[in-house]
Amino acid sequence: MIMNKPTEQALITLDKYFKDNPDHDAMLHRARLRAIIRAYGERWLNDVGNYKVHSVERLMMAPINSMDNGKDSGFIAGGKIDAIIEENLGGNNLIVLDHKFLSSAFTPEKAQHLTIDGQPSQYAYLCWANGIKVTHVLWDVIVKSLHRKNKNETWEAFEERVYVIYSEDKDRFGRYKVPVIKDNVAEYLDELYHWSKEIGLEAKGNIHLKSRGHCWEFNSACSYLGLCTGYSDENDGTWERKGTDHAELPLDKDVDPFKIITNSRIKSYQTCRQKHHYNYNLGLKKIKPDYSEPLAVGTAGHAALEDYWKVIKG
């Protein structure tokens, strides 16, 4: 195979990540992701020169105001954008690049969902508010590996087997460009203003409704299930309050994390207000977090792709 410098750096980053973050499945995840990144680099080898990279993992914030009268909601939209890139071909479009690790193949239905998802509108608004006139969002889709190592197979042989599978099946990778439509962004900002106001009002009350149908999803329990059921207690030594730390974003100490509204926070609030209260209002986290395979794989994969695009940026 032909390996370029971005791919080489991404593999180095993966190895460092799993060295610094060992877990009982680290070897499995490392082998799978190394195979995927190698095939990813090969799949998009000829596309590297098509983009000029403006920024990677850029934190952005912008005020949330009413679309009707400009009234300030008291909250700030925030987000960390995987990359902002410019096409060297086809009109020099300025694009938000977002990596998506999926558990199954990309389908037309998933494409439709991503088209109406609030994330591209939030990212577009953040960019526009900061003087960056993006025109599209590019979903950089990767299907996660569920392959298992055979009993007598070495980790190196397993990695090579997964690499061959991904190299031969191009449908495991995809890049889908979605245009940013002003009317969609305006509609989203109107909703964002009202959701922000509702979050503020709900936080002032003592009632945080539980969405009991979401206590167990994706084959794992909600991390706050013990608190909701009484099997755990905030003062039992397993929990800590993060204080000025935001649940997702690295913020300056003078920024109130409660005031920052991300796309993930809106989705959390819509899913379960009690979970949102624990996570975003109280900043409550387990001292020893529960192991999550999707989180481990996604975090490691994003770290590798971050450095992949940093090398392209130069």
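The values are calculated or read from the model by the stated rules, or taken from the named source; none is laboratory data. It should be emphasised that the depicted structure is a prediction, and the values quoted were computed from it without experimental measurement. Note: ideal-geometry Cβ built from the backbone for every residue, glycine included; neighbour counts use all protein chains shown.
For the stretch 146-178, residues that are touching a Phe, Trp or Tyr at 6+ places or on another chain (Cβ under 7 Å), hydrophobic (A, V, I, L, M, F, W, C) and more than 30 Å from N93 (Cβ to Cβ) total 0. When the stretch 191-225 is filtered for residues that are of a type in the set (F, W, Y) and exposed (fewer than 15 other Cβ atoms within 10 Å of the Cβ), the ones remaining, listed by number, are W216, F218.
Somewhere in the stretch 199-216, is a residue within 26 Å of A124 (Cα to Cα) and either of a type in the set (G, A, S) or in contact (Cβ under 8 Å) with a residue 24 or more places away in the chain (or both)? Checked against the condition, which is being within 26 Å of A124 (Cα to Cα) and either of a type in the set (G, A, S) or in contact (Cβ under 8 Å) with a residue 24 or more places away in the chain (or both), the stretch 199-216 yields at least one hit.
Among the residues of the stretch 71-86, not one is more than 15 Å from P250 (Cβ to Cβ), touching an Asp or Glu at 6+ places or on another chain (Cβ under 8 Å) and free of Cβ contacts under 8 Å to residues at least 60 places away in the same chain. Among the residues of the stretch 237-245, is there at least one that is touching a residue at least 60 places away in the same chain (Cβ under 8 Å), within 30 Å of L102 (Cβ to Cβ) and either hydroxyl-bearing (S, T, Y) or touching a strand residue (DSSP E or B) at 6+ places or on another chain (Cβ under 7 Å) (or both)? Checking the stretch 237-245: not a single residue is touching a residue at least 60 places away in the same chain (Cβ under 8 Å), within 30 Å of L102 (Cβ to Cβ) and either hydroxyl-bearing (S, T, Y) or touching a strand residue (DSSP E or B) at 6+ places or on another chain (Cβ under 7 Å) (or both). For the stretch 258-274, the criterion of being hydrophobic (A, V, I, L, M, F, W, C) and in a loop (DSSP other than H, G, I, E, B) is satisfied by at least one residue.
Filtering K52, K71 for residues that are within 30 Å of E202 (Cα to Cα), at pLDDT 90 or above and surrounded by fewer than 18 Cβ atoms within 10 Å (Cβ to Cβ) leaves a single hit, K71.
Among the criteria (1) assigned to a helix (DSSP H, G or I); (2) among the aliphatic types (A, V, I, L, M); (3) more than 22 Å from the chain's Cα centre (by Cα), the one I207 does not fulfil is (1). Residues of the stretch 265-283 that are closer than 17 Å to L251 by Cβ and either modelled with pLDDT under 90 or touching a strand residue (DSSP E or B) at 6+ places or on another chain (Cβ under 7 Å) (or both): L282, G283. Looking across the stretch 222-240, just one residue is touching a Lys or Arg at 6+ places or on another chain (Cβ under 8 Å) and charged (D, E, K, R), and that is E240.
Filtering the stretch 166-186 down to residues that are loosely packed, with under 15 Cβ neighbours inside 10 Å and in contact (Cβ under 8 Å) with a residue 12 or more places away in the chain, which residue is farthest from H99 (Cα to Cα)? Among them, the one singled out is A186. Going through (1) closer than 24 Å to A247 by Cβ; (2) at pLDDT below 95; (3) surrounded by fewer than 17 Cβ atoms within 10 Å (Cβ to Cβ) one by one, A129 falls short only on (2).
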